[in-house]
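The values are calculated or read from the model by the stated rules, or taken from the named source; none is laboratory data. The structure presented is a predicted model; accordingly, all values stated were derived computationally and were not measured. All Cβ positions, glycine included, derive from the backbone under ideal geometry; neighbour counts span all protein chains shown. For the accessible areas, the whole protein counts, side chains as well, though only heavy atoms, and no ligand, DNA or RNA atoms are used. Shrake-Rupley method; radii C 1.70, N 1.55, O 1.52, S 1.80 Å.
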Amino acid sequence: MAGRGSYSYGSEGPATAVAEQPQPYSADKKKPVLVTGASGLVGTHTCRELSKGGWQVRALIRDPAKAAMALGQLPVEFRVGDVRDATALRSSLNGCGAVVHLAAIAIERKDEKYTDTNTAATERLISAARVESVQRVIFMSQNGADSRSPYPFLHSKGVAQDSIKTSGLRWTVLRPSVIFGPEDQFVNVLGRLIKLTPGIFPLPGGGKARFQPISVDDVSRVVRLCLEKKETVHQSYDLGGAVPLTLRQMTERILAAMVTDRRLISVPIKALRPIVAFAERVLPNPPVTSGLLDLLSLDNTIVNNALTNYFKVVPIPFAADELQYLRRITVKNALSSLFEKR
């Protein structure tokens, strides 16, 4: 179990130890909590969880129409702005007691790069939090994030993670494995690809890559607990679901949830590279990029799972009953998703 202000709970070990920290404290419920990336999957569920727990929630959003669809039924205060905009960050943080920083991208686009959205925006958030005297920050990192990583996405999250830990703020870092839930950008992508590949379904590298999928509801619950537990200040927590699963095992459970059959065939990742590269060139919204394809060769499981070992949360299983949202996928909307501009 993580000690107060002294130990990082997870695979990073003593390298993230913090010496002689001031006495940590929980966030002030009398002040709003700013949630960046509030209209995304984790953001929506986090806003719901915090509102249910009696927190005042302020949501930083870019698209008011999208936010109204996702958050319109919640008592949430909207602030329209871009996390890359220092002025918008300062305005949104004014009067807040804490910030939950979720905004990030997994796939780069022409107008949005890892260095801007994942890294520089985090540094601007830190600066804005200092100016506005917002001490408490929960940062959503990623399992495997490391500033020394050769993989651009993991590198960008690692640099941001380092910035948070050296910020002088009262931080908590969360490092989940792949997150699943309605509108997620991993399991739903697999479901759409299944719809578009009748008869057979190719598994990169034979589907041997290992993950530990965690429900978005469990992640949002941990966010709330971190705000409420003063012992979580200056700690990193690795989070995963109940059991590690290979990509093949995950695909089998997805097929069961969708009540469909496919013959799963192994395809070398090397053979998929030119196909993925072509899709990146011609599709506005490719389902997979070359960078994400590389990550399928990495283990994405959790050694010390803080979800169960520290927070004592019983994980929602990655099972057919929990994946019923995949049945909404049709060939038509799977095709249209490839041409959506985001």
* Asked: What are the semi-axes of the equivalent ellipsoid for the chain, taken as the square roots of 5 times the Cα gyration tensor eigenvalues, largest first, in whole Å?
  -> 33, 22, 20
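Let me know the charge dipole size of the chain about its Cα centre in debye, to the nearest 20, where only the beta-carbon of Lys, Arg (+1) and Asp, Glu (-1) is charged.
With Lys and Arg at +1 and Asp and Glu at -1, about 380 debye.
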* Asked: Going by average Cβ neighbours within 10 Å, how do the peptides 255-265, 89-99 rank, with the highest at the top?
  -> 89-99, 255-265
* Which of the peptides 266-274, 177-185, 215-223 is most tightly packed, and how do the rest follow, judged by the mean count of other Cβ atoms within 10 Å per residue? -> 215-223, 177-185, 266-274
* Calculate how steeply helix 152-165 sits against the longest principal axis of the alpha-carbon atoms of the chain, using the helix alpha-carbon long axis, and give the answer as 0 to 90 degrees to the nearest 10. => 10
* Quantify, in whole percent, the carbon and sulfur part of the accessible surface of the chain (1.4 Å probe; protein heavy atoms only). => 53
* Asked: Cα centroids of the stretch 263-295 and the stretch 69-110: how far apart, whole angstrom?
  -> 31
* Roughly how many Å² is the accessible area per residue of the chain, as a whole number, for a 1.4 Å probe? -> 45
* Asked: Where in the stretch 242-273 does the label zone of Ile200 land, with the point 7 angstrom along Cα→C-beta and an amide N cut-off under 17 Å?
  -> 261-273
* Förster radius 51 Å - calculated FRET efficiency between Ser133 and Asp299 (Cβ-Cβ, nearest 0.05) -> 0.80
* Asked: Any idea which of Ile138, Thr36, Ser236 is furthest toward the positive side of the dipole for the chain, if Lys and Arg beta-carbons carry +1 and Asp and Glu beta-carbons -1?
  -> Thr36
* Asked: Put Thr166, Thr246, Thr251 in order of accessible area, largest first, 1.4 Å probe: what do you get?
  -> Thr166, Thr246, Thr251
* Structure fact -> For Leu247, the net charge from surrounding residues (Cβ-Cβ under 9 Å; K, R +1; D, E -1) works out to +3
* Structure fact -> With Cα coordinates, the longest principal axis of the chain makes an angle with the long axis of helix 269-282, in degrees rounded to 10, of 80
* Would you rank His101, His45 by solvent-accessible area, highest first, keeping every protein chain in place and using a 1.4 Å probe? => His45, His101
